[in-house]
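Asker: This is the structure, below, for whatever I ask next.
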Amino acid sequence: SETAEISIEVDPRVTTREQLAVLRELGFNRISLGVQDFDSRVQAAIHRDQTEAQTRTLHAWCRELGFGSINMDFVYGLPYQHQQGFEQTLRTLLSLHPDRIALYNYAHVPWMVPWQKYIPEVSLPTAPQKLAFLKTAFRESRSRISPS
């Protein structure tokens, strides 16, 4: 169908402009970029080294190639995540003007995800800290939504 919404999630660390162009040719018109967090200590803990520049470049390519909707995946409650770093990543994401931000709660399940058993429990934010992250994301995103 000409009006179908066809979506895919990509990893900014490995996705090339050429791959994005092929996806557009195949009919993909919505895209989701996995971000998680930009804080280097958080990234090291989750084995997800990804620069802000990689994300900005991929986002720009998606806009240039005409993806109709760009989503950013962002995670709260990650190891070593703290309020200031969370807010900085959120501000960076919002500055890109994505069409949507999908905010996920980190699930620490070392019995299902073996590499998580190497994450120290003390590095995980407390429930009140996670709630503060969630409230910050809601407040900041609401303040940038323009009324219809």
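Asker: Please report the relative contact order for the chain, taking Cα pairs under 8 Å with a sequence separation of at least 6, and give it as a percent rounded to a whole number. Don't jump to the answer; show the numbers that get you there.
Answerer: Working: 188 pairs, mean separation 33.8, N = 148.
Relative contact order for the chain comes out at 23 percent.
Asker: I need the peptides 87-94, 59-66, 72-79 ranked by packing, meaning the mean over residues of other C-beta atoms within 10 angstrom, with the highest value on top.
Answerer: With the highest mean Cβ count within 10 Å placed first, the list reads 72-79, 87-94, 59-66.
Asker: For the chain, what does -39500 (n - 2.57) per DSSP helix run (n ≥ 4), summed and divided by total residues, give at 222 nm, in deg cm²/dmol to the nearest 500?
Answerer: Numbers: 5 runs with 61 residues, N = 148.
Rounded to the nearest 500, the figure is -13000 deg cm²/dmol.
Asker: I need the peptides 43-51, 19-27 ranked by packing, meaning the mean over residues of other C-beta atoms within 10 angstrom, with the highest value on top.
Answerer: 43-51, 19-27
Asker: Still on this structure: Taking the Cβ of residue 76 as the centre, find all other residues whose Cβ is under 13 Å away and add up their charges (Lys, Arg: +1; Asp, Glu: -1).
Answerer: -3
Asker: So what's the net charge close to residue 13: Lys and Arg +1, Asp and Glu -1, counting the other residues with Cβ under 15 Å from its Cβ?
Answerer: -3
Asker: What number comes out for the charge environment of residue 29, summing +1 per Lys or Arg and -1 per Asp or Glu over other residues with Cβ under 13 Å away?
Answerer: Details: positive: 24, 30, 63; negative: 2, 5, 25, 99.
Its environment carries a net charge of -1.
Asker: Give the accessible surface of the range 25-148 per residue, rounded to a whole number of Å², with probe radius 1.4 Å and ligands, DNA and RNA excluded.
Answerer: 56 Å²
The values are calculated or read from the model by the stated rules, or taken from the named source; none is laboratory data. Computed from a prediction, not measured in an experiment: that's the story for all the values here. Note that each Cβ is placed from the backbone with ideal geometry, even for glycine, and that neighbours are counted across all protein chains shown. Surface accessibility is based on the protein's heavy atoms, side chains included, excluding ligands, DNA and RNA. Shrake-Rupley method; radii C 1.70, N 1.55, O 1.52, S 1.80 Å.
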